[in-house]
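Heads up, the thing below is written out as structure tokens.
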Ligand code: UDP
């Protein structure tokens, strides 16, 4: 029988790409979202790509009654939990809102899953838990550093909550097994250009800022800092294609549902293992899309780490997952998506 996966926050950037890959891998997917940070664009795109008439569930995961109802109405085998606020700066300004939303929604999912015979929880964590690493690339054993924002703190706290829940429920009827995926820098869009990133207002992240500058929505990209101790002075990151990232979730869910986990709570870095500087990324974007980007160097951005990239060996060997898309393919897809949003024909 087909297994069913609940994707909380399934209408967002990562959630919509994961939904597509799960459906293409043969899963039934229950998509639920409170639409607090997105509209229906990506959900409609998912339906077009997969040809499935998916049902949309408008659910706020902070509403325990609504979460229980979702679990009662669907036989859910695994949950992939994305539903959370994600803006670092906003979390500094509104910590209570961030702690309340990100913790409460996850606690509700755990409680409802445990009470409804769903034993598998995958949590979307982040490389932010490593802070400024002592050594790169980082492995899953690299120490977590104190979080520098309430947002980062919620990621660490949810990791701990899942670890504790796994320990506490072991052997009980409500047993929970967990996987934490620590994403590096997810970028790009589905090659169909039907789903992609939809930042509200001025983008904080590099690639949406680049594509919006290229299309003329922003005047000029500011590259934050060119005096870092890196080969070209700009920060180094591990940019992971969104479709590759989505496929990692399919591998992880399969691992859980097929009883292949080696520990009750596993942690995997999801990255390419390839560091790229901001300038290298900008140059690659210009080259592959055959355009010139208006950019300037600006002071460092508070809170940015100099360099971080993944050692993805564990995910490669244990999950049989590996990033396959080149940075050129990824940046081409990101640009195609921006043009699609701007209403260009035949992108
Ligand atoms: N960055 C930049 N200009 C921007 C946005 C980001 O130079 O308008 C840089 C940022 O300083 C960092 C890299 O791009 O070195 C990636 O930043 P992003 O916010 O996308 O992800 P982060 O690594 O902070 O999670």
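The values are calculated or read from the model by the stated rules, or taken from the named source; none is laboratory data. Every value quoted in this text rests on a predicted model; they were computed, and no experiment measured them. For neighbour counting, all protein chains shown are included, and Cβ atoms are generated from backbone atoms with ideal geometry for every residue, glycine included.
A compact table of results
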quantity	calculated
Strands (runs of 3 or more DSSP E) completely within region 20-99 that count 1 or more residues being under 30 Å from residue 302 (Cα atoms) and under 19 Å from the mean Cα position of the chain (by Cα)	78-81
Which listed residue is over 19 Å from the mean Cα position of the chain (by Cα) and within 10 Å of the ligand (Cβ to nearest atom), from 257, 279	279
Hits in region 165-201 (condition: within 16 Å of the ligand (Cβ to nearest atom) and in contact with a strand residue (DSSP E or B) (Cβ under 7 Å, 6 or more places away or on another chain))	181, 182, 183, 184, 185, 186, 187, 188
Region 87-100: number of residues that are in contact (Cβ under 8 Å) with a residue 40 or more places away in the chain and closer than 28 Å to residue 69 by Cβ	2
Those residues of region 226-238 which are crowded, with 22+ Cβ neighbours inside 10 Å and either without any contact (Cβ under 8 Å) to a residue 60 or more places away in the chain or more than 8 Å from the ligand (Cβ to nearest atom) (or both), in sequence order	234, 238
The lone exception for residue 204 - which of (1) at pLDDT 95 or above; (2) within 12 Å of the ligand (Cβ to nearest atom); (3) exposed (fewer than 15 other Cβ atoms within 10 Å of the Cβ) it fails	(1)
Residue among 298, 302, 334 that is in contact (Cβ under 8 Å) with a residue 40 or more places away in the chain and out of contact with any helix residue (DSSP H, G or I) (no Cβ under 6 Å at 6 or more places or on another chain)	298
Residue within region 142-163 that is touching a residue at least 60 places away in the same chain (Cβ under 8 Å), within 13 Å of the ligand (Cβ to nearest atom) and in a loop (DSSP other than H, G, I, E, B) present	yes
Filter result (under 21 Å from residue 226 (Cα atoms) and surrounded by 14 or more Cβ atoms within 10 Å (Cβ to Cβ)) within region 287-299	293, 295, 297
Residue that is in contact with a helix residue (DSSP H, G or I) (Cβ under 6 Å, 6 or more places away or on another chain) and closer than 19 Å to residue 38 by Cα, where the choices are 61, 71, 123	61
Criterion violated by residue 288 - all others in (1) more than 30 Å from residue 78 (Cβ to Cβ); (2) within 16 Å of the ligand (Cβ to nearest atom) satisfied	(2)
Those residues of region 209-225 which are in contact (Cβ under 8 Å) with a residue 60 or more places away in the chain and either near the ligand (Cβ under 9 Å from one of its atoms) or closer than 17 Å to residue 331 by Cα (or both), in sequence order	210, 211, 212, 213, 214, 215, 221, 222, 223, 224, 225
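Table: residues versus (1) on the phi > 0 side of the Ramachandran plot; (2) in contact with a strand residue (DSSP E or B) (Cβ under 7 Å, 6 or more places away or on another chain); (3) at pLDDT 95 or above.
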{"position": "11", "(1), (2), (3)": "no, yes, yes"}
{"position": "36", "(1), (2), (3)": "no, no, no"}
{"position": "49", "(1), (2), (3)": "no, no, yes"}
{"position": "55", "(1), (2), (3)": "no, no, yes"}
{"position": "81", "(1), (2), (3)": "no, yes, yes"}
